[in-house]
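Trainee: Let me begin by handing over the structure; questions about it come next.
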Amino acid sequence: ELLAPGALYMKNRGAGVPAGKWVRVDTTTLSDRNLVTGGATDPLTAAELLRSARKVRYIGTQELDGVRVRHYRGVTAAAKGFARRDVPFDAYLDEEGRLRKVRHWFSFVNEGRTVDVASTTVLYGFGVPVAVNLPAAGDIYAGKIR
């Protein structure tokens, strides 16, 4: 998956998508603006949801991929399009205060049924330069996804 302003690109995602092709999702058209109902979560949005955190409690310290982290648990306010206003989360911060992992539990209504989703974002490799190119137009599948 590649995230860009207003778009999510997913490779080999969905029935009917030819191997090696990308699917582009216009994220500005989604009711939750965070892709959860489409099966993905923007890492920046996942982190920004913590700005409205409340009822936060400290759980303790632990190791996460060889790094000592502080574990917190709380709730945050849900974005438009979700079934419940409160979104429970677990957040893990390293000794420098950087978010290393965050897991949210969202609920949304799909075809009259409430669907629960656990969305986890893991962050690592801070300060490492990365070159990313978005897919060329010819590599994007524009057909029907089943």
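The values are calculated or read from the model by the stated rules, or taken from the named source; none is laboratory data. The structure presented is a predicted model; accordingly, all values stated were derived computationally and were not measured. We place every Cβ from the backbone using ideal geometry, glycine too, and count neighbours over all the protein chains shown. Note: areas computed on protein heavy atoms with side chains; ligands, DNA, RNA excluded. Shrake-Rupley method; radii C 1.70, N 1.55, O 1.52, S 1.80 Å.
Trainee: Could you tell me which of the residues Ala118, Ala131, Ala83 is open to solvent by 40 Å² or more (accessible area, probe 1.4 Å), of a type in the set (Gly, Ala, Ser) and touching a Lys or Arg at 6+ places or on another chain (Cβ under 7 Å)?
Mentor: Among Ala118, Ala131, Ala83, only Ala118 is open to solvent by 40 Å² or more (accessible area, probe 1.4 Å), of a type in the set (Gly, Ala, Ser) and touching a Lys or Arg at 6+ places or on another chain (Cβ under 7 Å).
Trainee: Just for the stretch 46-66: of the residues that are open to solvent by less than 70 Å² (accessible area, probe 1.4 Å) and over 22 Å from the mean Cα position of the chain (by Cα), which one is farthest from Phe82 (Cα to Cα)?
Mentor: Gly66
Results for (1) farther than 13 Å from Lys101 by Cα; (2) at pLDDT below 80; (3) in contact with a Phe, Trp or Tyr (Cβ under 6 Å, 6 or more places away or on another chain), shown as yes or no for each residue.
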| residue | (1), (2), (3) |
| --- | --- |
| Asn12 | yes, yes, no |
| Val25 | yes, no, no |
| Thr37 | yes, yes, yes |
| Ala53 | yes, no, no |
| Arg73 | no, no, no |
| Lys80 | yes, yes, no |
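Trainee: Okay, next question. So which residues in the stretch 14-23 are modelled with pLDDT of 80 or more and closer than 25 Å to Asp116 by Cβ?
Mentor: If the condition is that a residue be modelled with pLDDT of 80 or more and closer than 25 Å to Asp116 by Cβ, then Val23 is the only one that fits.
Trainee: So which of Thr121, Thr114 ends up being under 17 Å from the mean Cα position of the chain (by Cα) and in a strand (DSSP E or B)?
Mentor: Just a single option satisfies the conditions, and that option is Thr121.
Trainee: How many residues are at pLDDT below 85 and more than 23 Å from Arg73 (Cα to Cα) when one looks only at the stretch 115-146?
Mentor: Selection size over the stretch 115-146: 5.
Trainee: If you don't mind, there's one more thing I want to ask. Looking at the stretch 39-51, which of the residues that are part of a helix (DSSP H, G or I) and small (Gly, Ala, Ser) is modelled with the highest pLDDT?
Mentor: Ala47
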